[in-house]
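Colleague: First, the structure itself, so that you have it in front of you.
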Amino acid sequence: MFGRRNMAAPSSELQLVPAKKPTVRGPRRVANQIPDEILQDPEIKEAIKVLPANYNFEIHKTIWRVRQAKAKRVALQLPEGLLMFACVIADIIERFTEADTVVMGDVTYGACCVDDFTARALGADFMVHYGHSCLIPIDATAGIKMLYVFVDIQMDNAHFLDTIKFNFPPGHSLALVSTIQFVAALQAVSAALKPEYDVLLPQCRPLSPGEILGCTSPRLDRHVNAIIYLGDGRFHLESIMIANPEIPAYRYDPYSKVFSQEYYDHEAMIALRRQAIEKARSAEKWGLILGTLGRQGSPKVQEHLQSRLQSLGKSFNIVLLSEIFPSKLDLMPDVDAWVQIACPRLSIDWGTAFSKPLLSPYEAAVALQDVDWKEIYPMDFYSNQSLGQWTPNHPDNQPVRPTRRQTQKQGPEPALLTKQCGQNQSAPCGCQGK
């Protein structure tokens, strides 16, 4: 009877134990839950009807965040495809909050163009960026509170699903990718395909599963039979095609419902980029362009390239430009080769339009013998697992963030400083730290 020595014998007498009085608690409030008085406000609901029903601009959440922050001026930044809705959104925010609004009309090409600097210069204390995921974390935009609205777009998922099933036999391995607007649809269709297909939503952190950018896409396993891109246009699709030249690529346009196979001339692109690199190697004077369109330019990448040029005894100048045009660079004819720290696709897609070599940071690293040429052109510009210091999110270029213990000692951050992305999105954004 091991272990019974110190156990009391069970009593045969009944003992009455008084029941504890139940504690009455109010409804549990989730920290990031939008209050019902905003969600159920009939006037807000009526105002939203002006906007497209299948576009989620997260108006309720925006009103709540602006009220929480007690913001006085809200800057709205939208890509050109959504700019037509800017005035309506601005009117709604001004009507249901105490803030006035500023619509930022400068061109916004992508998630890298978050222009918190200009917003602050305009006196804004709150900024809403529409149409892109949180490529620039909100704790990196000091001095202004940030809200990202993905603008999730509802589409005909059933037609997309039927199109895939019609074109690919069961058992195929399919990689489904898109931009952030269609990631929710991508996940729903992926779940419906999985009983019959080997479906992959590839992830290149800090992006969400299935999300790609024009400069950032993952390398896929060779067993993948096809890449299927959901979206209009080819810019983002070409990114994953460049990174995976051996895998056939297809595009489903959710607006026209057209499904097409897409092609890319890899050999021509590689030949042109290698030619530019070889020409740059003999350059006596270099020009470093730091992009100033929002957050496109990375000072850390600039410092790395600057240090490399100095160590090689190369002469160089630093030029700040919001947009890079051939005619602008032609005004500085003494520069033999340019490196643009803005968008890698500018060099890949438009490099031949410039009279002097216009290299991306990766190509500059090859020209300066920092790294060997990769037979598969790397599309890892914003990847956390990028190849080297010529990319913004390489570990060596990241700020030292406080540990969990240090954060606890400092006390909890205010609610608005936690990383907030689009509400109720089915795919977490990389900046949410999940």
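The values are calculated or read from the model by the stated rules, or taken from the named source; none is laboratory data. Nothing here was measured: the structure is a model prediction, and the numbers come from that model. Note that we place each Cβ from the backbone using ideal geometry, even for glycine, and neighbour counts take in every protein chain shown.
Colleague: Quick check on the range 197-207. Is at least one of its residues over 22 Å from residue 394 (Cα atoms), assigned to a loop (DSSP other than H, G, I, E, B) and of a type in the set (Asp, Glu)?
Modeller: no
Colleague: May I ask you to say which residue of 250, 229 is in contact (Cβ under 8 Å) with a residue 60 or more places away in the chain, within 25 Å of the chain's Cα centre (by Cα), outside the structural domain of residue 107 (by TED's automatic domain parsing) and assigned to a strand (DSSP E or B)?
Modeller: 250
Colleague: Identify all residues within the range 316-345 that are in a loop (DSSP other than H, G, I, E, B), of a type in the set (A, V, I, L, M, F, W, C) and under 13 Å from residue 358 (Cβ atoms); write none if there are none.
Modeller: Answer for the range 316-345, where residues must be in a loop (DSSP other than H, G, I, E, B), of a type in the set (A, V, I, L, M, F, W, C) and under 13 Å from residue 358 (Cβ atoms): 324, 325, 332, 335, 342, 343.
Colleague: Go through the range 244-275 residue by residue and tally those that are among the aliphatic types (A, V, I, L, M) and surrounded by 14 or more Cβ atoms within 10 Å (Cβ to Cβ).
Modeller: Looking only at that region, the number is 5.
Colleague: If I filter the range 170-177 for residues that are crowded, with 19+ Cβ neighbours inside 10 Å, among the hydroxyl-bearing types (Ser, Thr, Tyr) and outside the structural domain of residue 68 (by TED's automatic domain parsing), do I get at least one hit?
Modeller: Looking through the range 170-177, none of the residues is crowded, with 19+ Cβ neighbours inside 10 Å, among the hydroxyl-bearing types (Ser, Thr, Tyr) and outside the structural domain of residue 68 (by TED's automatic domain parsing).
Colleague: What is the number of the single condition among (1) among the aliphatic types (A, V, I, L, M); (2) touching a strand residue (DSSP E or B) at 6+ places or on another chain (Cβ under 8 Å); (3) within 30 Å of residue 70 (Cα to Cα) that residue 185 does not meet?
Modeller: Answer for residue 185: the failing condition is (3).
Colleague: Considering only the range 69-81, I want to know if a residue exists there that is in a helix (DSSP H, G or I) and in the same structural domain as residue 112 (by TED's automatic domain parsing).
Modeller: Yes, the range 69-81 contains a residue that is in a helix (DSSP H, G or I) and in the same structural domain as residue 112 (by TED's automatic domain parsing).
Colleague: Mind checking which residues of the range 137-159 are part of a loop (DSSP other than H, G, I, E, B) and surrounded by fewer than 24 Cβ atoms within 10 Å (Cβ to Cβ)?
Modeller: 137, 141, 142, 143, 144, 151, 154, 155, 156
Colleague: With respect to residue 274, is the statement that it is more than 25 Å from the chain's Cα centre (by Cα) and among the basic types (Lys, Arg) true?
Modeller: Yes.
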